[in-house]
């Protein structure tokens, strides 16, 4: 995932009390709401006249869309959030910043690897899996592949190779429910009836 730091100049923000800081954060929260799950707030730091907020992009909604897409014409219900009798869960993972990622969203990488965009962002696994296997072999130090979603080009997906397990850590894990914001955003994106 990509991390972004947004720096804002706010005179004397470092001397504001808790309630005043909430008011200052409202502008950022409004911007996040407009991104509809494409960015996620992680941390904020406040100093004298500035705030620094760390956000992650490549949000959760795309992962849920991938799971719910096959049910487009159906009504959203709890049964859709289960596979083989087990509940779906969403894990936030952190990959060591030093890990090498083959970024197929970068046109230079596509040219270097002789890949066509139409063959990268497809739901046809008989096309994508051989590509991933070939890239795995060509890039022995790569921890993951990154490419864009066939549903929404601004969403990124990652294939993390098993050799990268030591560079991964679980940040959080939660069972998906009908009330989960990522589930409702995915359902809205897909037009699932609620």
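The values are calculated or read from the model by the stated rules, or taken from the named source; none is laboratory data. Keep in mind that what you see is a predicted model, and the values were worked out from it rather than measured. Reconstructed Cβ throughout: ideal geometry from the backbone, glycine too, with neighbour counts over all protein chains shown.
Results, tabulated for the structure shown:
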| read-out | value |
| --- | --- |
| In region 132-141, the residues that are exposed (fewer than 12 other Cβ atoms within 10 Å of the Cβ) and in contact (Cβ under 8 Å) with a residue 24 or more places away in the chain | 138, 141 |
| Entirely in region 85-194, the helices (runs of 4 or more DSSP H) that have 2 or more residues that are closer than 30 Å to residue 72 by Cα and not assigned by TED's automatic domain parsing to the domain that holds residue 74 | 117-120, 125-138 |
| Answer from 146, 70, 98 - the residue that is surrounded by fewer than 16 Cβ atoms within 10 Å (Cβ to Cβ), farther than 21 Å from residue 189 by Cα and under 21 Å from the mean Cα position of the chain (by Cα) | 98 |
| Every residue from region 75-93 that is touching a strand residue (DSSP E or B) at 6+ places or on another chain (Cβ under 8 Å) and either exposed (fewer than 15 other Cβ atoms within 10 Å of the Cβ) or closer than 12 Å to residue 178 by Cβ (or both) | 75, 76, 81, 87, 88, 89, 91, 93 |
| Among (1) farther than 19 Å from residue 92 by Cβ; (2) modelled with pLDDT under 85; (3) in contact with a strand residue (DSSP E or B) (Cβ under 8 Å, 6 or more places away or on another chain), the one test that residue 155 misses | (1) |
| Search result, residues across region 100-131 that are touching a residue at least 24 places away in the same chain (Cβ under 8 Å) and farther than 27 Å from residue 182 by Cα | 100, 113 |
